[in-house]
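Engineer: Please find one structure pasted underneath; my questions will follow.
The values are calculated or read from the model by the stated rules, or taken from the named source; none is laboratory data. None of the values given here were measured: they were computed from a predicted structure. Every residue, glycine among them, receives a Cβ derived from its backbone with ideal geometry; neighbour counts consider all protein chains shown.
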Amino acid sequence: YPQAVIFDLDGVITDSAEHHFLAWQQLGQELSIPFDRQFNETLKGVNRMDSLERILSLGQANDRYSETEKTALAEKKNRYYVESIQHLTPQDVLPGIIDLLKDLRQNKIKIAMASASKNAQFVSERLEVDHYFDHIVDAATVEKSKPHPEVFLKAATAVGVAPTDCVGIEDAAAGVEAIKSAGMRAIAIGDADILNAADLVLTDTSKLSLTTLSGVFSK
Ligand code: BG6
Ligand code: MG
């Protein structure tokens, strides 16, 4: 078994990746920079300001706004997002996640969260999963966005486990890259074509179990 399992939040524990997409899409429309789900794949796991820069660069509009204006645009997207997550409940936790968290606890395997979201604590509380976690990295303390491994390494350090004894779970290509750069095993949830850098790709969270985790770990 791994000694620690490090979870991404958005798109792994709950479907909030969809809420992020809709909020960015709304801002994009207002800026006359429309984008589709395929482009959205490149935003998954990426922090707020870096996501904005990617959208602006899609519209060749990076130089159109001052830093102050960019901050205001990012805040606007966040207001759309925060509004859309107000009604999250424990029922919005994706299939198989609670059983896995309970199994991990029972087996005394450390549990951490490595989300790029500054709303991670709020979302975890709404979902009532926060109490399962030995550590939730505060995104405000992370300097480098995924695919940089910083957030995963911070999570491992916080629970006192070497990266080689950790498994990370992600739904984003940038997240899988971050896990692998951190020297950890990666399990991805989603499309195998997009997430092929992972050690194992599962179509959805219901396939997650202690067995699938230990399988990837004993490789
Ligand atoms: C990641 C999401 O978890 O958090 C991204 O995958 C999002 O879509 C990023 O942009 C930052 O979130 P927030 O809540 O701090 O804007
Ligand atoms: Mg994610």
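Engineer: In segment 24-56, which residues are within 13 Å of ligand 1 (Cβ to nearest atom), touching a Gly at 6+ places or on another chain (Cβ under 8 Å) and touching a residue at least 40 places away in the same chain (Cβ under 8 Å)?
Structural biologist: K44, G45
Engineer: Can you pull out every residue in segment 24-38 that is in a helix (DSSP H, G or I) and away from ligand 2 (no atom under 16 Å from the Cβ)? Explain how you work it out, then say what you get.
Structural biologist: First, the residues of segment 24-38 that are in a helix (DSSP H, G or I): 24-30, 37-38.
Result: Q25, Q26, L27, G28, Q29, E30, Q38.
Engineer: Here's something else I'd like to know. Report yes if some residue within segment 10-23 is assigned to a helix (DSSP H, G or I), exposed (fewer than 15 other Cβ atoms within 10 Å of the Cβ) and either among the polar types (S, T, N, Q) or without any contact (Cβ under 8 Å) to a residue 40 or more places away in the chain (or both); otherwise report no. Steps first, answer last, please.
Structural biologist: So the first thing to find is which residues in segment 10-23 are assigned to a helix (DSSP H, G or I), and the list is 16-23.
Still in the list and also exposed (fewer than 15 other Cβ atoms within 10 Å of the Cβ): 18, 22.
Filter once more, so that each one left must be either among the polar types (S, T, N, Q) or without any contact (Cβ under 8 Å) to a residue 40 or more places away in the chain (or both): 18.
Yes, segment 10-23 contains a residue that is assigned to a helix (DSSP H, G or I), exposed (fewer than 15 other Cβ atoms within 10 Å of the Cβ) and either among the polar types (S, T, N, Q) or without any contact (Cβ under 8 Å) to a residue 40 or more places away in the chain (or both).
Engineer: Scanning segment 1-23 for residues that are over 25 Å from S209 (Cα atoms) and within 13 Å of ligand 2 (Cβ to nearest atom), which turns out nearest to the chain's Cα centre (by Cα)?
Structural biologist: So, considering only residues that are over 25 Å from S209 (Cα atoms) and within 13 Å of ligand 2 (Cβ to nearest atom), the one nearest to the chain's Cα centre (by Cα) is H20.
Engineer: Which residues, counting only those in segment 150-189, are within 11 Å of ligand 2 (Cβ to nearest atom) and without any contact (Cβ under 8 Å) to a residue 60 or more places away in the chain?
Structural biologist: V176, A188
Engineer: Criterion first (free of Cβ contacts under 8 Å to residues at least 60 places away in the same chain, of a type in the set (A, V, I, L, M, F, W, C) and more than 22 Å from T42 (Cβ to Cβ)) does A72 satisfy it? Spell out how you get there, then give the answer.
Structural biologist: Numbers: free of Cβ contacts under 8 Å to residues at least 60 places away in the same chain: yes; of a type in the set (A, V, I, L, M, F, W, C): yes; more than 22 Å from T42 (Cβ to Cβ): yes.
So A72 fits the description; yes.
Engineer: To continue, here is another question. Answer yes if at least one residue in segment 150-160 is in a loop (DSSP other than H, G, I, E, B), farther than 27 Å from R79 by Cα and modelled with pLDDT of 95 or more, and no otherwise.
Structural biologist: Taking segment 150-160 as the starting set, the residues that turn out to be in a loop (DSSP other than H, G, I, E, B) are 159-160.
Okay, now just the ones that are also farther than 27 Å from R79 by Cα, so 159-160.
Cutting the leftovers down to modelled with pLDDT of 95 or more gives us 159-160.
The answer is yes, given that some residue of segment 150-160 is in a loop (DSSP other than H, G, I, E, B), farther than 27 Å from R79 by Cα and modelled with pLDDT of 95 or more.
Engineer: Hey, can you tell me all the residues within segment 49-61 that are buried (at least 19 other Cβ atoms within 10 Å of the Cβ) and either more than 22 Å from G190 (Cα to Cα) or more than 16 Å from ligand 2 (Cβ to nearest atom) (or both)? Walk me through it before giving the result.
Structural biologist: Of all residues in segment 49-61, those buried (at least 19 other Cβ atoms within 10 Å of the Cβ) come to 51-52, 55-56.
Residues satisfying the conditions are L52, I55, L56.
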